[in-house]
1. Select from the stretch 124-140 the residues that are open to solvent by 10 Å² or more (accessible area, probe 1.4 Å), within 25 Å of Val236 (Cβ to Cβ) and in a loop (DSSP other than H, G, I, E, B) and list them in ascending order.
2. How many residues are more than 16 Å from Gly62 (Cβ to Cβ) and touching a helix residue (DSSP H, G or I) at 6+ places or on another chain (Cβ under 6 Å) if we restrict to the stretch 110-128?
3. Restricting the stretch 197-235 to residues that are polar (S, T, N, Q) and within 23 Å of the chain's Cα centre (by Cα), which is nearest to Glu150 (Cα to Cα)?
4. Tally up the residues in the stretch 187-224 that are among the basic types (Lys, Arg), open to solvent by 50 Å² or more (accessible area, probe 1.4 Å) and either in a helix (DSSP H, G or I) or in contact with a strand residue (DSSP E or B) (Cβ under 7 Å, 6 or more places away or on another chain) (or both), please.
5. Does any residue in the stretch 26-51 that is closer than 16 Å to Arg72 by Cα come within less than 7 Å, Cβ to Cβ, of a residue that is loosely packed, with under 14 Cβ neighbours inside 10 Å and polar (S, T, N, Q) six or more places away or on a different chain, and which pairs are these?
6. Kindly evaluate Leu39 against the criterion of being farther than 25 Å from Asp122 by Cβ, in a loop (DSSP other than H, G, I, E, B) and at pLDDT 95 or above.
7. Of Arg94, Arg121, Arg115, which residue is outside any loop (DSSP other than H, G, I, E, B), within 30 Å of Val71 (Cα to Cα) and touching a His at 6+ places or on another chain (Cβ under 6 Å)?
8. Got a number for residues in the stretch 247-259 being surrounded by 21 or more Cβ atoms within 10 Å (Cβ to Cβ) and either in a strand (DSSP E or B) or without any contact (Cβ under 8 Å) to a residue 60 or more places away in the chain (or both)?
Amino acid sequence: MMSDRNLSVVPDGGGGRSPAVAADLLGRHLRRLREAAGLLQKDVVAAKAIGSESMLSKIETGKVPVQERHVRRLVQLYTQGDPGDLEACLAMAREASQKEWFAAYHDVIPDHGNRLFSQERDAQEIRTFEAQHVPGLLQIPDYAQAIMMEAVSNAQGFLQADDLAALRRRIAFRLERQMHLSLPGAPDFFAVLDENVLRRTKCSAPVMRAQLRHLYNVAENSARTNIRVLPFDADVDLAPAHSSVMLLSMRPGYGDDLVYIESSNVGGVYVSDPAEVEKHRQRLTTLFMGAAGKDATLEIIDRNIQRLVGKR
């Protein structure tokens, strides 16, 4: 059966996406081709186009890169060798097999964040809410180090030389993530911070004061990064049920929108169901609109800066 030519695999201009997005797009397109051919996963295995239903499921959900030989077999089976589909799928498979930009940091960053780190660079807009810490994309190095050192100390009670080296590399990774927000074409960023974040001092007063000054400068001057504070007296129904939520609205042709919910430093949950993503979008948009406005946010941040003046 020939393809219906509804190829979202290669957008106008082609290429340029992250490997995770490429793998996701390719997997979903291969699934569409299989379904259009009237085949079940077990039929594909029986035809010896793939080794197991488990592997095919992982390919179709973008959980593993697809080898070119598998692409050729699957497209041949689904389309009787349609050259248009084959070339598009092979191009996407090559894109999906490239190294992620953060590959050099794989030993010091959590695996559960890989999809987030991969896709946020292809986002058109990012919305986030934080109730515990300043968002990673807005942290200064000294504040980030204090947060990370606390986590390590709580886990094992002391820091070793290897821990300190790893901390330095994690901070370097975080700064590299942040740099993307200042590049042309970077996503618009909307961040809401619970006011408690400004008062929960996880580090020395001078470091916290410097962090708050950074937030003030960004909130006042950035055209694309928008910071709002959810004050203590805000409507209690505004705050999300989770303390850390991030929504990535992807550019057209770069995959589906994605929500990442993190409840601790050791795990996170992804939400990709369109209906659930839309609920989070509405909640985060309502939260941003209901938080303190720009001028009021600057006043709250400045008040907390002044509270820390002279303290150590």
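1. Passing the criteria: Ala131, Gln132, His133.
2. Residues in the stretch 110-128 being more than 16 Å from Gly62 (Cβ to Cβ) and touching a helix residue (DSSP H, G or I) at 6+ places or on another chain (Cβ under 6 Å): 2 in total.
3. Within the stretch 197-235, the match that is nearest to Glu150 (Cα to Cα) is Gln211.
4. Final tally of qualifying residues: 3.
5. Going by the 7 Å Cβ cut-off, the qualifying pairs are Val45/Ser52.
6. Taking the combined requirement at face value, the residue satisfies it.
7. Every option except Arg121 fails the conditions.
8. Number satisfying all stated conditions: 4.
The values are calculated or read from the model by the stated rules, or taken from the named source; none is laboratory data. Bear in mind the structure is a predicted one, so any value in this text is a computation, not a measurement. Backbone-built Cβ (ideal geometry, glycine too); neighbour counts: all protein chains shown. For accessibility, only protein heavy atoms count, side chains too; no ligands or nucleic acids. Shrake-Rupley method; radii C 1.70, N 1.55, O 1.52, S 1.80 Å.
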